[in-house]
Every structure is written in structure tokens, then in C-alpha cells.
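Each reported figure results from applying straightforward, stated rules to the coordinates on display, with no laboratory input. Just so it is clear, the model here is predicted, and its values are computed rather than measured. Here the Cβ positions follow ideal geometry from the backbone for every residue, glycine too, while neighbour counts run over all protein chains shown.
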Amino acid sequence: MNKRVVILNSRQELQPVGGDEWIINTGQAVEDSAGKGHTILTSVGMNSWEITLFFASKYRARQTIFIPWDVRDTPDGVKRGLITQFHLEGAPIEWRLIGTSSRKSSHQKFQSERDRLIINEADVVVPVAVRPGGNLESLLNDARARGAVIDYAYLATTSAARRTCRIRIDPEFMNPDLDCLLRDYLIHWTRSCHGPWPGETIYQWYDALTSSATRNPRSALDTLVRVLLEKKLRSSDRHYRRGVPAVSFSGLPPSQAVDLMKWRARYREMTFEPYGIAVRRDMARQVGIRKVFYGSPEMYPYLEEENRPYFQSIGIKGYWMPEREYRHIGDLDLSLIPSDALAVIVWKGDDIQAVRGIFNGRVVTVYRH
């Protein structure tokens, strides 16, 4: 008999790893339900829901996917996006759209409404990592009262470790030659990702996460290695005006740039981390890297079209001028730049081995070694 199954996980840490018990148990619960031909109720927006959707896609399970739908978007467009991102082509899927909007309050309403609708529809509820006293526990008790089967076979017995995503650069260990070595360079600093890299699907991200038992597979060093392997800096419009993807560079000396490596609570990420690609200034000009100019938002409509991608607001919630930003609009093909006009920056001496086999140019460490 085809039953409707929901696998429950409360909100989890920002940086889980594949060896966390809640992830392992969720995968096993999905595989078991898929093998029995059950329909798994899934959703998006939080890793605690998306990990179930990923495993359901991996095991080609029947799914009913509950998704937020902003009325400004077409339902088919929303569905196509998720089919692409979670590799769901040809999968047996039923869709449930829950009306929402871009407002934060509407998104929070979607989350609570989603949880209620899914659990109310489930024949079988499989708690894996449900926080005591939380909303999911209350809904779980309601499901039990109405006669749903509560299956504790995959209950996690340990909580995921708390992992800090912040880093601190200690000035005491700074390489004293760093600024001199990179005096004539512009630097693209990388940072850790807690989701897909640019150009990567959400499925690929979760596949890497579940395959990595003890570490974040999208660390700043991993990101740097990917850049070197692809010989490409991928552009993004994140934090930029939509539709104008760019690659950011800093004109600051590295010793000053590290002072700006701070935790941004608003985005739950570091501004950037001590790993990067440096391009010699003369070559940077040749490949189209231009200096950003700063001003008030009111200036933007009066700018020439070709200058608009290089405009940056001084900032309301942040003050961006100290970054001395430069930009390349679109992806930057590093194969066009001679290796003697590039330098790779890593944090510590132990990181050099990770890049030396794929880059034969100069490698500089932020810390002395």
C-alpha cells in the first residue's frame, strides 16, 4: 500500500557535514520508504527539508513537494527551476504550491503553514531530529492524536556538533612580506559556501555534502581549488544589481584587506576569507577589470549605460568604500592570463599542497611559514 511519509528534522546548524547522524538517518529513512513504494512529502527553503528532497531524488522516490509560490512567478517556471536544481527529470512528482511573497513575514508564514500541511497529510511520521518543545514536536503530537503512525526507527540519538563558521586572522602570524609580494596586484578573495557554488545545482551541493563525512566540502580552500581547476572565476549577481553578474576584486593591500574579513550576521557568512587569486594590475586592465565608483543610490538612473555595472552604493546597512573594489563583468577566463601575471593566496603553509599540483605560478601565504 502506498503511504504518505514525512521525515522530520528541526532547523539544523548552518554548516552540517555528511557524517552527522541526522543526515545519515534521513538518507536511510528515505531509502527505506522509496523501496516500499511510499510517497515522501518534501519541501525546500531549509537544509532540514531539502536534504530529504535530495535523498528522494537520489533514490527516485515518489514525492509530493510543497513549495512557496510568489504570485508574480508562473507555477510552471517555479517547478522547472526545482526540477533542474534537484535533478528531478522524469521523477514521479505531485506539486503543492503555497502562496507567498518576497516579504520576510510571508516567508515565515510559508514555513509554518508548510509544516502544518505536510504533517497533517502524512500517514506515517518519521521523527529523526525533532527539537523538544518546538513547533514540529507540537505538530508531531497532533499527528499521533489523529492516528498517524509514528515511526521512531531512525531517531538520531546524538545532536550535530556546533561548528563555527567565523574565522579570525591573528596579526601576530601575518607574513611580513605579504604586501610587498602583492603590491602590484588586484585580489579576488574567496570564502566558504553553505550552498551551491555558482554554476552548480542544489543536488550537486547536497551530493558533495553527504559524501563528506567530517568537513565542509565547499570551504574557501575548496572554492579556490575549483577556480584553479576550471581556470575560471565565475560571476554572480549576489549582492549586486540583479541581472549584472560580476567578479569582485579588491585594490587593498592584503594586510588591510584581512581587517575586513568579518562575519556578516545578515548573510550568515564571512565577507571573505584568506584565500584568493591575484591578477597583476597591468593584466587586469587588459582583461577588462575596472574600478568601481561609489555614490548615493539617487545617482544610478543618471549614469551612462556602460558605467552602471561599475556603480556601487556607498551603503545603508554597510559602508563599502574601504574595500576599494574593482569588477569584471561576467565570468573571467583565467586561461587568458599568463601564469606569471597571476598569484594564488592561501592562508597557511599547510594549504600550499592543495594548489601546487594544479597551479605552477607563485603561491603566497597570508601567515608566515
Length gained if Glu113 through Asp282 is fully extended, taking 0.36 nm per residue and subtracting the Cα-Cα distance, is 55.3 nm
If Tyr267, Tyr154, Tyr275 are placed from fewest to most neighbouring beta carbons inside 10 Å, the sequence is Tyr267, Tyr154, Tyr275
Rounded to the nearest 500, the 222 nm mean residue ellipticity computed for the chain from DSSP H runs (n ≥ 4, each -39500 (n - 2.57)) alone is -8500 deg cm²/dmol
In nanometres, the difference between 0.36 nm per residue of separation and the alpha-carbon distance of Glu94 and Lys291 is 66.0 nm
For the range 129-286, Rg(Cα) over 2.2 N^0.38 Å is 1.42
To the nearest 20 debye, the range 162-277 has a Cα-centred charge dipole, built from +1 on Lys and Arg Cβ and -1 on Asp and Glu Cβ, of 600
Of all DSSP beta bridges having both residues in the chain, the percent classed as antiparallel (nearest 5) is 45
Here, Ala153 and Gln256, labelled 7 Å along Cα→Cβ, have an inter-label distance in nm of 6.2
The rounded separation in angstrom of the Cα centers of the range 56-96 and the range 185-223 is 24
The size of the Cβ-based charge dipole (Lys, Arg +1; Asp, Glu -1) of the range 83-212 about the Cα centre, to the nearest 20 debye, is 580
With the charge dipole of the chain built from beta-carbon charges (+1 for Lys and Arg, -1 for Asp and Glu) about the Cα centre, the Cα from Asn360, Val292, Ala145 projecting farthest to the positive end belongs to Ala145
per DSSP, antiparallel bridges as share of beta bridges in the range 171-365, % nearest 5, sits at 75
Long-range amide H partners of Ala246, meaning residues 5 or more apart or on another chain whose placed amide H is closer than 5 Å, are Ser236, Asp237, Gly330
Toy charge model, Lys and Arg Cβ at +1, Asp and Glu Cβ at -1: the chain dipole around Cα centroid in debye, rounded to 20, equals 440
Put in order of increasing Cβ neighbours within 10 Å, starting from the fewest, Leu181, Leu88 give Leu181, Leu88
By Cβ neighbour count within 10 Å, fewest first, Met283, Met299 rank Met299, Met283
Here the range 347-360 yields Karplus 3J(HN,Hα) values (6.51, -1.76, 1.60; θ = phi - 60°; whole Hz; Gly and Pro given as x) of 6, 10, x, 5, 7, 4, 4, 5, 10, 5, x, 10, 9, 9
Per the range 4-150, sqrt(5λ) over the Cα gyration tensor eigenvalues, sorted largest first, in Å, gives 22, 19, 16
For Glu298 and Arg368, extending 7 Å from Cα along the Cα-Cβ vector and measuring point to point gives, in nm, a value of 5.1
So the compactness index of the chain, its C-alpha Rg divided by 2.2 N^0.38 Å, takes the value 1.13
In whole Hz, the Karplus estimates of ³J(HN,Hα) for the range 326-340 (6.51, -1.76, 1.60; θ = phi - 60°; x where Gly or Pro) are 10, 9, 10, 7, x, 4, 10, 7, 6, 5, 7, 10, x, 4, 6
Taking a crude spin-label model, label points 7 Å out from Cα along the C-beta direction, the Ala161 to Asp184 distance in nm is 4.5
Set Lys58/Lys231; Lys79/Lys262; Lys232/Lys348; Lys79/Lys231, cut-off 28 Å on Cα-Cα distance; pairs above it are Lys58/Lys231; Lys79/Lys262; Lys79/Lys231
